[in-house]
Structures are given as C-alpha cells and as structure tokens.
Amino acid sequence: MHEKPPERAASQAMRSLSRDAFDELVADALEGLPDEFLDRLDNVVIVSEDWPSGEQRQYHGLSQRETLLGLYEGVALTEREGYGMVLPDKITIFKRPLEQICADEKDLIYQVQVTVVHEIAHHFGIDDERLHQLGY
Ligand SMILES: [Zn+2]
C-alpha cells in the first residue's frame, strides 16, 4: 500500500524545506479535509520521514530508481473484524521524494495533499486501482 512517484522529477527540484515547515504542510493538508472524512479516521497516526527506510524499501520491493511518496501501514477499517489491541495504523509522508518531484512550494502543497488523501483512502480500505480511477 504505497505510492511510487510518477516517472518524472522536476527539472529543477525545489529547495528542501525545514522539517517543521514540511510538517506544517502535512498538517494543513489534513486540516483541509472535510470533517466527515476526518471523523472517520480511527486509530491512525500520520508522521513524516525524509526517506523510506531500508526495511520499507525491501518490503515493497523497490528498485534502486524507485522510491515512495507516502506509505500506509496497518489494518484498513474494512478489514478490522476481531480487531483488538493493536498498534495504530501509520501513514508516513516522505519529505525528500516529494520535494524531488516538485519545482516549487505551490507544487509541493498540492502533492502533499494528494499523497495524504491517497494514504488515508487506504486506511478506509480503498485500493490503488480504485484510487487511480479517481485520479489519486
Ligand atoms: Zn497506494
């Protein structure tokens, strides 16, 4: 459950933001979502990292040229039969891969938004095929 970036990199990638500034974009993306969407989030945390870890790369079978923009790890709401004491779902937004495909901050704001919605949709049990039909 992840999203590989499209086969493109900004010809002139934007300057890297501070972690705080990036986390603020992620928070803004969340706040921009409709309440009925946010109300349905259940036992999920959203964090940011610079890059996917070696473990995450290996688990998702990424080649050297591939990376992830965001990653959803957990048990989707639609699959929580007999769901008990488990760690919360985790959504990770990857800062450096996103910056690399963006030419400026406006572009980054948009891409962060798309990535956050994409990964939250996985939390709701919507798969990649359906998401691509919807344009995410
Ligand atoms: Zn996905």
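No value in this document is a laboratory result; all are computed from the given coordinates. Predicted model only: the values in this text are computed from it and were never measured. Here the Cβ is made from the backbone with ideal geometry for all residues, glycine too, and neighbour counts use every protein chain on show.
Side notes on the structure shown:
- For residue 70, the residues 5 or more places off, or on other chains, whose built amide H falls under 5 Å of its own are 3, 94.
- When DSSP beta bridges are restricted to pairs lying wholly in the chain, around 50% turn out antiparallel.
- With both labels modelled 7 Å from their Cα along Cα-to-Cβ, the residue 129 to residue 55 distance reads 3.1 nm.
- Expressed as a fraction of 2.2 N^0.38 Å, the value expected for a compact globular protein of N residues, the C-alpha radius of gyration of region 51-109 is 1.42.
- Highest mean first, the peptides 93-105, 60-72, 24-36 sorted by other C-beta atoms within 10 Å per residue fall in the order 93-105, 60-72, 24-36.
- Comparing the chain with the 2.2 N^0.38 Å rule of thumb, its C-alpha radius of gyration ratio is 1.04 (two decimals).
- Helix 19-31 axis versus longest C-alpha principal axis of the chain: approximately 50°, rounded to the nearest ten.
- Relative to the longest principal axis of the Cα atoms of the chain, the long axis of helix 105-123 lies at roughly 20 degrees.
- Per-residue Cβ neighbour rank within 10 angstrom, fewest leading, 112, 45: 45, 112
- Estimated FRET transfer efficiency when R0 is 41 angstrom, pair residue 19-residue 75 (beta carbons, to 0.05): 0.90
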